[in-house]
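To start, the structure under review is shown below, and the notes come after it.
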Amino acid sequence: MNNRSEPKGGTLRGQPDLHHQLLHRNREWSRRMKKENPGLFTELAKHQHPFFLWIGCSDSRVPPNQITGTMPGDMFIHRNIANLVVHTDQNLMSVLDYGVNVLGIDHVIVCGHYNCGGVKAAMGPEFDGPAADWVRRIRDVARWHHRELQALPDEQARFDRLVEINVSEQVYDLSRTSIIRDAWEAGRPVHVHGWVYSLTNGLITDLEVTRTRYEEAVGMLTTR
Ligand code: CO
């Protein structure tokens, strides 16, 4: 199976005028959606009430709506390389603020994925460019968990574990943002979840690091 194809489309690889293909497929998709979900577009044009805020990797192989079987309107989404939560990132913080405080979302999900290129880059030698600064944070995560990682049998095991630990650390960082803390303070039942997706079988694993209140977030610090 070609992983670049949509279920009902053919492969995009090697075709001329690729962007035309997207517009063509968009028309087909719109037609199909109208047939299968009459009234959906009319409803979505009025407002959005997503139930989930997804913070995931930019990796093309991890499309949030497709892998969770969700529809337009179900999920508010932020993606960056290696699904990082950076407190000085105005982009992410704006999405988080709008998602939690305006849209009223109670489930924030950080979803990483095995074989993440961003995590891999942070395990290798230093390099140049903006991505080097970005993944520098994962080098810190690896350093904090050095003992656990070094005890693992091989490089692949360390890579897999660092992907998981990185998600847990982002859940922790998210739970320390004023946006999440204020929501908890106000009695909101906000859940911050940590998940990891496998490229090899398309399955998501819940890392069971869910935070639902401030005390749990603080407790996580002591396990570091
Ligand atoms: Co990735």
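The values are calculated or read from the model by the stated rules, or taken from the named source; none is laboratory data. All figures in this text were calculated on a predicted structure; none of them were measured in a lab. Cβ atoms come from the backbone with ideal geometry, glycine included; neighbour counts cover every protein chain shown.
Residues that are of a type in the set (Val, Ile, Thr) and within 16 Å of the ligand (Cβ to nearest atom) were ranked within segment 39-73; the one that is farthest from residue 170 (Cα to Cα) is 67. Among the conditions (1) more than 18 Å from the chain's Cα centre (by Cα); (2) part of a helix (DSSP H, G or I); (3) of a type outside the set (S, T, N, Q), the only one that residue 138 does not satisfy is (1).
Residue-by-condition table, conditions (1) touching a residue at least 60 places away in the same chain (Cβ under 8 Å); (2) over 24 Å from residue 178 (Cβ atoms); (3) of a type in the set (Gly, Ala, Ser); (4) assigned to a helix (DSSP H, G or I):
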{"residue": "42", "(1), (2), (3), (4)": "no, yes, no, yes"}
{"residue": "50", "(1), (2), (3), (4)": "no, no, no, no"}
{"residue": "54", "(1), (2), (3), (4)": "no, no, no, no"}
{"residue": "70", "(1), (2), (3), (4)": "no, yes, no, no"}
{"residue": "78", "(1), (2), (3), (4)": "no, no, no, no"}
{"residue": "82", "(1), (2), (3), (4)": "yes, no, yes, no"}
{"residue": "85", "(1), (2), (3), (4)": "yes, no, no, no"}
{"residue": "88", "(1), (2), (3), (4)": "no, no, no, no"}
{"residue": "91", "(1), (2), (3), (4)": "no, no, no, yes"}
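Taking segment 102-129 as the region of interest, how many residues are closer than 25 Å to residue 208 by Cβ and within 16 Å of the ligand (Cβ to nearest atom)? Residues in segment 102-129 being closer than 25 Å to residue 208 by Cβ and within 16 Å of the ligand (Cβ to nearest atom): 13 in total. Given the condition assigned by TED's automatic domain parsing to the domain that holds residue 57 and within 16 Å of the ligand (Cβ to nearest atom), answer yes or no: does some residue in segment 140-150 qualify? Among the residues of segment 140-150, at least one is assigned by TED's automatic domain parsing to the domain that holds residue 57 and within 16 Å of the ligand (Cβ to nearest atom), which makes the answer yes.
Kindly provide the set of residues from segment 181-199 that are within 21 Å of residue 164 (Cβ to Cβ) and of a type in the set (Val, Ile, Thr), ordered by number. Step through it out loud before you land on a result.
Within segment 181-199, the first condition is being within 21 Å of residue 164 (Cβ to Cβ), and the residues that meet it are 191-199.
Selection gives 192, 196.
Among all positions in segment 17-33, there is at least one residue which is in contact (Cβ under 8 Å) with a residue 24 or more places away in the chain, loosely packed, with under 12 Cβ neighbours inside 10 Å and more than 16 Å from the ligand (Cβ to nearest atom). Of all residues in segment 182-214, those satisfying the criterion of being in a strand (DSSP E or B) and modelled with pLDDT of 95 or more are 191, 192, 193, 194, 195, 196, 197, 204, 205, 206. Selection over segment 74-96 of residues that are exposed (fewer than 15 other Cβ atoms within 10 Å of the Cβ) and away from the ligand (no atom under 16 Å from the Cβ) gives a count of 5.
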